[in-house]
Structures are given as C-alpha cells and as structure tokens.
Amino acid sequence: MNARGRIVIVEDHALTRAGLKTALEPSFDIAGEAADGMSGYDVIVREKPDVAVIDLGLPGIDGIELTHRVRSELPETHVVIVTMVDVEDEVIAALAAGADAYVLKSAETSAIIDAVRITREGGAYFDPRIAHVVLSRFSKRAPVSSGDSPLTPREIEVLRLISDGRANTEIAEELHIGLGTVKGHIRDILEKLSAADRTQAAVVALRKGYI
C-alpha cells in the first residue's frame, strides 16, 4: 500500500477542486480528479484509490449515488464527502450511502486533511458543526442490540448520551457516576472503536448498529 495514500478528487467547481488538490497534495498522492459524477466513477474504478473525496452536488450522477456505487463496488475505497450542504437529510443520506466522513467546505484545511487521514486508517470523521444535530436524531431511535458489539451496556449508555450532545459532566449526572468514570468509559470506547474523538466514536457506533 502506498505509504502516503492515493486520493481521487471529484468536484465540479474547478477552483474548489484546485484548492482541494493544493491542500491534500503535500500529504497524499493525487491519483486522479474529475468534474462530474460519471467521470468521477470511471476514475475511481480505474485508480482504486484509498480515499475518494466527493462533492454532493455533482452533475450527472450526484455525490450520494456516486458514494453508493463506490462503496458497493470498491469496499476498500473510503469516501470523504466535502460539501457546502449542511442539510440534515442530505447528511444522513450520505452516511446511509456509505460515506466515512462528512466535512463542510468552509472547514479549516487541517480538518479536511484529518478527515482523509482518519478514513484512510479505517475511522470516521464528522464535521462537529453539524454532528450533534444529526446524531441526536439517530439517538432517538429504539435501542439497537448487536451481538457483535465490543461495547459494554454502560459504554453504550455513555455513547447514546454523547450522540445526544451531552457534555461529560451531564453524562456523569445522568448516569449517577463520577466524572473520572465517564472519562474512563470514553477512553475505552475510543480504543475499542479506533476513533479519534467522541463524535467519531458516536458515528462509528451508529453506522455499525451498536447504539
């Protein structure tokens, strides 16, 4: 595997595409780029990159359909959505299609680089400015029981509260446990789910059906 990681960028606006390339090129190898969904699909199938960076509003086939095709046909290629769209339904549709990360174009360059790096390593990244809105919607579902979950019942309780936007102190009060205990649970959750932070852990758990 290429140590730097191979990336394909699919973005219809030339200036934005150039900006993404400039931001990512120092850290990753750009294997290809495209300005519409169908061309993007062809490039991704040909290059089989580690990560495809995809915009939602693409001509031809849109980013959600492209994500679905990529994740169905090339499961080893991860998908990072980079878009201006922060509409809840679009975010959820992108995740349902198999996106591993969702970043707003207004994010700092470092956030986009982190999203690509984290997804390449098998994790998930979710822009914190929209994370809690979407996660709280998921958290109101009926509890899910997964026999494959590595999490304990208490860790699942903690994660569901995280997905509802609760701070550590609020989780401690809700569950009648000490703040240090909450931090210990979160540390164990991050390790078990290979997540970099609380938000990523919640997204991973939701996508795997653990909460």
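Below are the figures for this structure:
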{"quantity": "The lone exception for residue 5 - which of (1) out of contact with any Phe, Trp or Tyr (no Cβ under 6 Å at 6 or more places or on another chain); (2) closer than 18 Å to residue 121 by Cα; (3) not aliphatic (A, V, I, L, M) it fails", "calculated": "(1)"}
{"quantity": "Exclusive hit being assigned by TED's automatic domain parsing to the domain that holds residue 82, modelled with pLDDT of 90 or more, surrounded by 14 or more Cβ atoms within 10 Å (Cβ to Cβ) and in contact with a Leu (Cβ under 9 Å, 6 or more places away or on another chain), set 116, 158", "calculated": "116"}
{"quantity": "Residue match in the range 100-115 (condition: farther than 28 Å from residue 202 by Cβ and assigned to a helix (DSSP H, G or I))", "calculated": "no"}
{"quantity": "Flag for residue 76 being among the charged types (D, E, K, R), part of a helix (DSSP H, G or I) and surrounded by fewer than 18 Cβ atoms within 10 Å (Cβ to Cβ)", "calculated": "no"}
{"quantity": "All positions within the range 1-48 that are touching a Leu at 6+ places or on another chain (Cβ under 8 Å) and of a type in the set (Lys, Arg)", "calculated": "48"}
{"quantity": "Qualifying positions in the range 80-121 - of a type in the set (Asp, Glu) and either under 9 Å from the mean Cα position of the chain (by Cα) or closer than 24 Å to residue 15 by Cα (or both)", "calculated": "86, 90, 100, 108, 114"}
{"quantity": "Residue within the range 94-106 that is of a type in the set (Val, Ile, Thr), touching a helix residue (DSSP H, G or I) at 6+ places or on another chain (Cβ under 9 Å) and surrounded by fewer than 22 Cβ atoms within 10 Å (Cβ to Cβ) present", "calculated": "no"}
{"quantity": "Test: residue in the range 139-148 that is out of contact with any Phe, Trp or Tyr (no Cβ under 6 Å at 6 or more places or on another chain), over 30 Å from residue 10 (Cα atoms), surrounded by 15 or more Cβ atoms within 10 Å (Cβ to Cβ) and modelled with pLDDT of 80 or more", "calculated": "no"}
{"quantity": "Cross-chain or 6+ apart pairs with Cβ under 8 Å, the range 165-183 first and surrounded by 12 or more Cβ atoms within 10 Å (Cβ to Cβ), then among the hydroxyl-bearing types (Ser, Thr, Tyr)", "calculated": "165/136; 172/181; 179/169"}
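For every residue, the table says whether it meets (1) within 28 Å of residue 194 (Cβ to Cβ); (2) free of Cβ contacts under 8 Å to residues at least 24 places away in the same chain.
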site: 37; (1), (2): no, no
site: 68; (1), (2): yes, no
site: 73; (1), (2): yes, no
site: 82; (1), (2): yes, no
site: 85; (1), (2): yes, no
site: 88; (1), (2): yes, no
site: 99; (1), (2): yes, no
site: 106; (1), (2): yes, yes
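The values are calculated or read from the model by the stated rules, or taken from the named source; none is laboratory data. This is a predicted model, so every value here is computed, not measured. Reconstructed Cβ throughout: ideal geometry from the backbone, glycine too, with neighbour counts over all protein chains shown.
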